[in-house]
Amino acid sequence: MDVNVSETTNSPPTAKPLDPPTTSEPGSARQRYVQRLEELAGEVTGFESRNRQLNIIRGLLFFGGLILLIVGYAAAQGALLLVVPGWILMASFMAVITWHEYVRDSMTAIRRRRSLYRQLLARLDRRWSELPVFELPDDVPWIDRNGRAVAKDLDLFGVGSLYQLVSLAGTQPGKLTLAQWLCGPAIPEQAAARNLAARKLASFHNQRETFYARARDVAGQTASPENFESWAVAPAWLAGPRGWMLPLARAIAITPFIVWPLCAIGLISISVAAAIQLVAIAIAIVVTVGFLGPVHEIFKSVATRRAEVENYINLFEAADWIPEEIEMLGPVRQRILDPQSGAIAGLRAMGGLSMMTGLRHAPMLFLPYVLLQLIGLWDVHVLALMERWKARYGSDVPGWFDALGQIEAILSLAALADEYPQWAAPTWNQAGPEGKVAARSLGHPLLKDADRVVNDAELGPAGTLLLVTGSNMSGKSTLLRSLGLNIKLAGAGSVVCAEQFELPACEVATSIRVDDSLREGVSFYMAELKRLREVVDHAERLHASKDRMLVYLLDEILQGTNSRERQIAVSTVLDHLVHMQAIGAISTHDLELADDPAMQSVATIVHFREHIETDKSGQETMTFDYKMRSGVTPTTNAIRLLEMVGLGKR
């Protein structure tokens with residue numbers, strides 16, 4: 001196993017050419033975001049001025065019209081000369097209200113768009129506190145205990161996380177899809193397809209940014225589609241034991257059209273007609289109170305407001321620009337645009353039903369709703385129409401929101417490719433004896449560009465490891481996380497923070513932060529052992545499957561015991577991993593571990609070091625260059641650090 005540890009400069013590496021190439025240049029994304037913010041600030045200023053003017057105009061029109069009408073109607077003579085202008089002013093007042101609402105809506109939309117560009121700039125500057133925070137839900141089925149440990153060790157979620165850097169997803173399907181991609185294994189075929197799609201979409205700046213803005217609007221104004229999806233695939237509510245409701249509702253609805261005409265032609269008396277109608281109304285009340293509570297919950301959670309349906313229609317329509325030639329997104333386009341079963345067609349058909357279900361929540365229409373419910377069981381008829389819609393589109397609904405999730409995830413990756421054209425598209429090698437992770441100018445993607453120091457590193461071939469020694473704070477853990485985070489980026493389909501990055505089909509296992517000991521009632525040492533047992537088991541499973549390799553990253557493991565036993569325990573764990581043909585890196589302070597002949601036979605040993613500088617007054621300053629070098633570290637700094645914080649010998 002070779003490790004290139006040459007003194008790599010900190011300047012941005014050359015961008016890897018794309019086919020077709022993007023139009024992005026270094027810095028162009030930032031410049032575009034700043035320019036758009038300035039343009040939007042000008043637009044907001046214009047609308048704010050117009051808003052103030054319209055406030056004054058509204059007041060003048062209203063009070064002017066009101067005064068003319070009062071004086072005109074009170075006047076004995078010449079009333080027409082005052083009343084007509086008064087009504088003209090009132091009509092103008094109503095027109096200005098409509099115009100004013102448009103101005104206010106435009107101001108709100110522009111402010112939301114500005115918040116998008118502020119988020120984009122915050123990502124570039126790594127201002128984590130200004131970015132949305134996403135925590136992985138506890139109930140997602142696609143991540144196990146190992147996956148959650150890796151997510152925690154590598155800062156995949158939370159504040160200052162890889163997810164915060166990558167994500168521009170607004171809706172829950174988009175957030176969960178991107179999270180699943182970041183947590184999943186690195187599989188060459190699907191990752192390469194995503195990467196190609198993302199890089200091809202990187203140059204579609206205006207279309208992507210419009211989509212991001214609409215997704216944010218939907219997320220802020222619309223409920224998660226989870227309830228809608230669940231309803232769409234569930235059995236029909238009116239079927240089975242409730243099959244009697246729709247015939248009954250139809251019978252009640254036609255009762256007035258039979259009874260009262262019969263009364264009108266004299267076949268039945270008015271008292272009989274009234275009695276029949278009252279019985280029908282009583283039945284409607286009993287059914288409404290006793291049976292239709294779940295129906296109202298369906299209306300509430302699925303389609304209460306037409307505006308929510310319109311929001312999703314607008315969001316899906318914002319994706320119709322995606323080129324047809326992007327192979328990975330072909331099925332996604334089909335699920336959205338198909339005129340028979342696509343999301344846009346289906347949601348448009350649902351739009352009218354949403355208005356009908358929302359009748360009972362509209363203040364101006366509540367009384368008509370009550371009348372319709374009493375004389376015809378309105379809710380049952382509306383639910384029947386919804387279930388007819390469900391019979392046609394229900395099986396397609398999960399695919400619609402899966403497509404939305406994939407689009408949001410891909411467009412998030414496209415933004416990263418656009419913003420960092422110097423970052424490489426990963427390449428793939430064969431998992432197996434010669435499988436390796438090889439990086440040139442590898443950097444930590446969560447660090448600011450000005451703070452990032454890059455190194456060349458290689459893990460592999462199978463059954464070997466990288467042993468990283470060095471002083472405290474010198475960069476050992478940063479190297480491990482750089483490897484892990486970039487593997488996660490590659491597996492998701494993103495560009496990676498490196499000039500070149502090659503890897504096999506693989507999964508990641510880590511032991512970097514172990515804090516389960518108190519919760520599980522065991523010692524810290526035992527908690528570490530249990531975690532390492534999971535890492536070894538993971539390696540055994542992948543070794544048996546042959547299709548993927550395990551990449552393990554172990555940081556200062558087994559600190560909870562004495563140095564001699566720790567060395568033996570660490571060697572034993574690594575022997576298991578080597579035997580399982582896994583590849584990985586381990587950092588350590590134990591220099592004796594590097595002297596072990598068995599370790600030297602399978603490990604490439606590297607180190608990070610500190611530098612001590614003394615000023616004219618004799619004050620010592622410790623600095624780090626964070627560059628990786630061959631061999632065991634020649635320096636240690638624990639005692640010197642003790643002295644520097646004032647805890648040296650008295």
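The values are calculated or read from the model by the stated rules, or taken from the named source; none is laboratory data. The shown structure was predicted, so the numbers you read here are calculated from the model rather than taken from an experiment. Reconstructed Cβ throughout: ideal geometry from the backbone, glycine too, with neighbour counts over all protein chains shown.
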Worksheet item: Between residues in region 475-489 that are crowded, with 24+ Cβ neighbours inside 10 Å and assigned to a helix (DSSP H, G or I) and residues that are at pLDDT below 95 and of a type in the set (D, E), which pairs lie under 6 Å by C-beta distance while being six or more apart or on different chains?
Response: L480/D555
Worksheet item: If you scan region 608-624, which residues turn out to be closer than 24 Å to L479 by Cα and of a type in the set (S, T, Y)?
Response: T621, T623
Discussion item. Would you confirm whether or not region 552-570 contains a residue that is within 28 Å of L182 (Cβ to Cβ) and within 27 Å of the chain's Cα centre (by Cα)?
Written reply: yes
Worksheet entry | Criterion (at negative phi, in the same structural domain as A362 (by TED's automatic domain parsing), touching a Gly at 6+ places or on another chain (Cβ under 7 Å) and surrounded by fewer than 21 Cβ atoms within 10 Å (Cβ to Cβ)) met by exactly one of E317, E310, E325 | E310
Worksheet entry | Flag for W231 being among the aromatic types (F, W, Y), assigned to a helix (DSSP H, G or I) and surrounded by fewer than 21 Cβ atoms within 10 Å (Cβ to Cβ) | yes
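Residue by residue, here is whether (1) of a type in the set (S, T, Y); (2) in a helix (DSSP H, G or I); (3) under 15 Å from the mean Cα position of the chain (by Cα) holds:
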residue	(1), (2), (3)
D138	no, no, no
S203	yes, no, no
N227	no, yes, no
W237	no, no, no
Fill in: Meets criteria (outside the structural domain of F316 (by TED's automatic domain parsing) and among the hydrophobic types (A, V, I, L, M, F, W, C)) for A219
yes
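Table: residues versus (1) among the charged types (D, E, K, R); (2) outside any helix (DSSP H, G or I); (3) out of contact with any strand residue (DSSP E or B) (no Cβ under 6 Å at 6 or more places or on another chain).
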| residue | (1), (2), (3) |
| --- | --- |
| E534 | yes, no, yes |
| D537 | yes, no, yes |
| E540 | yes, no, yes |
| D547 | yes, yes, yes |
| A569 | no, no, yes |
| L574 | no, no, yes |
Discussion item. Based on this model, can you work out whether E592 counts as surrounded by fewer than 16 Cβ atoms within 10 Å (Cβ to Cβ) and in a helix (DSSP H, G or I)?
Written reply: yes
Worksheet item: So which residues in region 52-96 are of a type in the set (V, I, T) and touching a Gly at 6+ places or on another chain (Cβ under 7 Å)?
Response: V83
Discussion item. Checking the structure you have, find out if any residue of region 447-458 is among the β-branched types (V, I, T) and in contact with a Phe, Trp or Tyr (Cβ under 6 Å, 6 or more places away or on another chain).
Written reply: yes
Practice prompt. Could you pull out the residue among A414, A431 that is within 33 Å of the chain's Cα centre (by Cα), surrounded by 17 or more Cβ atoms within 10 Å (Cβ to Cβ) and assigned by TED's automatic domain parsing to the domain that holds L550?
Written response: A431
Worksheet item: Among the residues of region 558-565, is any at pLDDT 90 or above, crowded, with 21+ Cβ neighbours inside 10 Å and in contact with a helix residue (DSSP H, G or I) (Cβ under 7 Å, 6 or more places away or on another chain)?
Response: no
Worksheet item: V496 fails exactly one of the following numbered conditions: (1) in contact with a Ser or Thr (Cβ under 8 Å, 6 or more places away or on another chain); (2) within 16 Å of A192 (Cβ to Cβ). What is the number of that condition?
Response: (1)
Response to the item:
Going through (1) at pLDDT below 90; (2) surrounded by 16 or more Cβ atoms within 10 Å (Cβ to Cβ); (3) within 42 Å of the chain's Cα centre (by Cα); (4) not hydrophobic (A, V, I, L, M, F, W, C) one by one, T636 fails only at (3)
Practice prompt. Out of V272, V279, V259, V287, report the one residue that is under 20 Å from E387 (Cα atoms) and either in a helix (DSSP H, G or I) or not assigned by TED's automatic domain parsing to the domain that holds A343 (or both).
Written response: V287
Practice prompt. Being surrounded by fewer than 17 Cβ atoms within 10 Å (Cβ to Cβ), within 30 Å of P185 (Cα to Cα) and hydroxyl-bearing (S, T, Y) narrows it down to one of S106, S115, S129, so name that one.
Written response: S129
Worksheet entry | Test for L69: is it surrounded by 12 or more Cβ atoms within 10 Å (Cβ to Cβ), closer than 30 Å to Q119 by Cβ, in contact with a Phe, Trp or Tyr (Cβ under 9 Å, 6 or more places away or on another chain) and of a type in the set (A, V, I, L, M, F, W, C) | no
Worksheet item: Quick check, is S354 polar (S, T, N, Q), under 21 Å from E310 (Cβ atoms), modelled with pLDDT of 90 or more and assigned by TED's automatic domain parsing to the domain that holds E297?
Response: no
Worksheet, complete the sentence: Counting only residues that are among the aliphatic types (A, V, I, L, M), surrounded by fewer than 16 Cβ atoms within 10 Å (Cβ to Cβ) and closer than 21 Å to L116 by Cβ, region 132-181 contains a total of 2
Worksheet item: If S587 satisfies every condition in (1) crowded, with 21+ Cβ neighbours inside 10 Å; (2) in a helix (DSSP H, G or I); (3) polar (S, T, N, Q) but one, which is the exception?
Response: (2)
Worksheet item: Does region 440-468 hold any residues that are in a strand (DSSP E or B) and either of a type outside the set (A, V, I, L, M, F, W, C) or under 28 Å from the mean Cα position of the chain (by Cα) (or both), and which are they?
Response: R440, S441, L442, N455, D456, E458
